[in-house]
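A short write-up of the structure that comes next.
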Amino acid sequence: MTLSFVSVIIPVFNDSERLKLCLQALENQSYPHNMYEIIVVDNGSDDDIKSIVEKFHKSVFTQELKTGSYAARNKGISIAKGEILAFTDSDCIPAVNWIENGVKSLLSTPNCGLVAGKIDLFFQNPDKPTPVELYESIAMDFPQERCLKQSRYGVTANLFTFKYVIDSVGCFNDTLKSGGDREWGQRVYAAGYQQIYADNAFVAHPARHSFSQLRQRVARFAGGSHDRLMSKNPSLREIAVDLLETFKPPFRSFYIIWNDEKLHGVSQKLQFTLVMLFIRYVNISEKLRLYMGGKSKRA
């Protein structure tokens with residue numbers, strides 16, 4: 001089989017320490033080293049990202065000052081040399097055969113538009129997860145296979161595609177702060193390309209462990225949802241429905257929590273409930289802020 005050149009694209013914003021781990025894992029891939037490049041796109045960091053990237057001989061540094069990870073990914077696409085594009089995030093640690101297995105899945109599937117790889121969450125202290133880590137591991141993980149089957153997209157923390165697919169359906173929508181991977185993946189599906197899940201092409205991703213980290217994620221997701229709705233010029237009825245959904249009491253969720261076998265004992269169930277209520281508070285306050293004219297948080 002003729003090997004294809006691969007461009008790995010990583011957007012980064014103020015995440016220098018975790019970026020080092022990501023780049024080290026990518027330096028040690030089983031894929032032939034002369035057949036891939038790593039493009040790191042700094043999205044306006046305060047950290048000195050360039051000096052870190054320069055320590056890794058396979059990595060290329062560039063910048064995108066337009067705010068948003070999708071704008072950064074598009075910048076990486078614009079300078080990529082590869083026939084195949086692979087996407088991951090600066091806080092991810094790819095397995096040693098990540099590129100090799102992702103490429104095999106892409107090339108062995110006729111008319112393949114994208115491959116969504118497995119994403120494994122890990123904790124800072126596996127023996128003692130924080131309430132937020134516990135919640136993330138159950139309710140906010142990265143169910144790539146389910147996303148692909150139900151919503152026709154893969155998360156960009158672990159995604160492979162061909163450059164010609166990008167040329168066909170277009171780049172990511174860089175006006176979105178969240179959900180751009182969903183919007184792009186659905187364009188790929190609508191264009192008639194196959195989409196597959198690859199369990200053996202996996203990256204490790206740290207679970208968020210603090211309430212401040214969780215707040216940022218929830219606010220970003222709320223902003224992405226709001227932006228997608230507003231881009232469709234919604235009617236007053238559609239806006240009202242969106243707000244009613246946001247304020248709807250989570251009675252069913254409470255029932256599921258207290259009957260979930262993954263949660264052990266009253267303590268874990270109470271922790272999970274606390275985090276869920278925190279998320280609802282952030283989501284409601286963020287939606288109200290956005291409808292009052294506030295701007296979406298950066299991706």
Selected residue (criterion: farthest from the chain's Cα centre (by Cα)) from residues of the range 40-71 that are farther than 30 Å from T2 by Cα and among the hydrophobic types (A, V, I, L, M, F, W, C): I52
Among all residue pairs at least 6 apart or on different chains, which show Cβ distances below 6 Å where the first residue, located in the range 60-76, is under 20 Å from E37 (Cα atoms) and in contact (Cβ under 8 Å) with a residue 40 or more places away in the chain and the second is surrounded by fewer than 22 Cβ atoms within 10 Å (Cβ to Cβ) and hydrophobic (A, V, I, L, M, F, W, C)? N74/C171
What residue, among those in the range 165-188 that are small (G, A, S), closer than 23 Å to H226 by Cα and surrounded by fewer than 21 Cβ atoms within 10 Å (Cβ to Cβ), is modelled with the highest pLDDT? G170
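Residues are listed down the side, and each one gets a yes or a no for (1) assigned to a helix (DSSP H, G or I); (2) surrounded by 15 or more Cβ atoms within 10 Å (Cβ to Cβ):
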| position | (1), (2) |
| --- | --- |
| S51 | yes, no |
| A72 | yes, yes |
| G82 | no, yes |
| E100 | yes, yes |
Going through the range 183-202 one residue at a time, which ones are part of a strand (DSSP E or B) and of a type in the set (V, I, T)? I196
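Each row is one residue, and each column tells you yes or no for (1) under 15 Å from the mean Cα position of the chain (by Cα); (2) aromatic (F, W, Y); (3) closer than 30 Å to L274 by Cβ.
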| residue | (1), (2), (3) |
| --- | --- |
| I119 | yes, no, yes |
| F123 | no, yes, yes |
| T130 | no, no, yes |
| E133 | no, no, yes |
| Q144 | yes, no, yes |
| Y164 | no, yes, no |
| V169 | no, no, no |
| A191 | no, no, no |
| Q194 | no, no, no |
Taking into account only those residues within the range 26-48 that are within 29 Å of G224 (Cα to Cα) and touching a helix residue (DSSP H, G or I) at 6+ places or on another chain (Cβ under 6 Å), which is modelled with the lowest pLDDT? D47
Of all residues in the range 203-255, how many are part of a loop (DSSP other than H, G, I, E, B) and either among the hydroxyl-bearing types (S, T, Y) or more than 18 Å from the chain's Cα centre (by Cα) (or both)? 9
May I ask you to say which residue of A198, A219, A191 is assigned by TED's automatic domain parsing to the domain that holds T88 and surrounded by 20 or more Cβ atoms within 10 Å (Cβ to Cβ)? A198
Top-ranked residue of the range 32-47 - restricted to ones that are crowded, with 21+ Cβ neighbours inside 10 Å and of a type outside the set (A, V, I, L, M), ranked as farthest from V60 (Cα to Cα): N43
Going through T62, T88, T67 one at a time, which residue ends up being touching a Cys at 6+ places or on another chain (Cβ under 9 Å) and closer than 26 Å to L176 by Cβ? T88
Determine whether V8 is free of Cβ contacts under 8 Å to residues at least 60 places away in the same chain, part of a strand (DSSP E or B) and not acidic (D, E). no
Counting only residues that are part of a helix (DSSP H, G or I) and either surrounded by 10 or more Cβ atoms within 10 Å (Cβ to Cβ) or modelled with pLDDT under 75 (or both), how many does the range 256-276 have? 12
Looking at the range 269-291, is at least one residue under 25 Å from the mean Cα position of the chain (by Cα) and under 30 Å from S105 (Cβ atoms)? no
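The values are calculated or read from the model by the stated rules, or taken from the named source; none is laboratory data. A quick note: this is a predicted structure, and the numbers were derived from the prediction, not measured. Note that each Cβ is placed from the backbone with ideal geometry, even for glycine, and that neighbours are counted across all protein chains shown.
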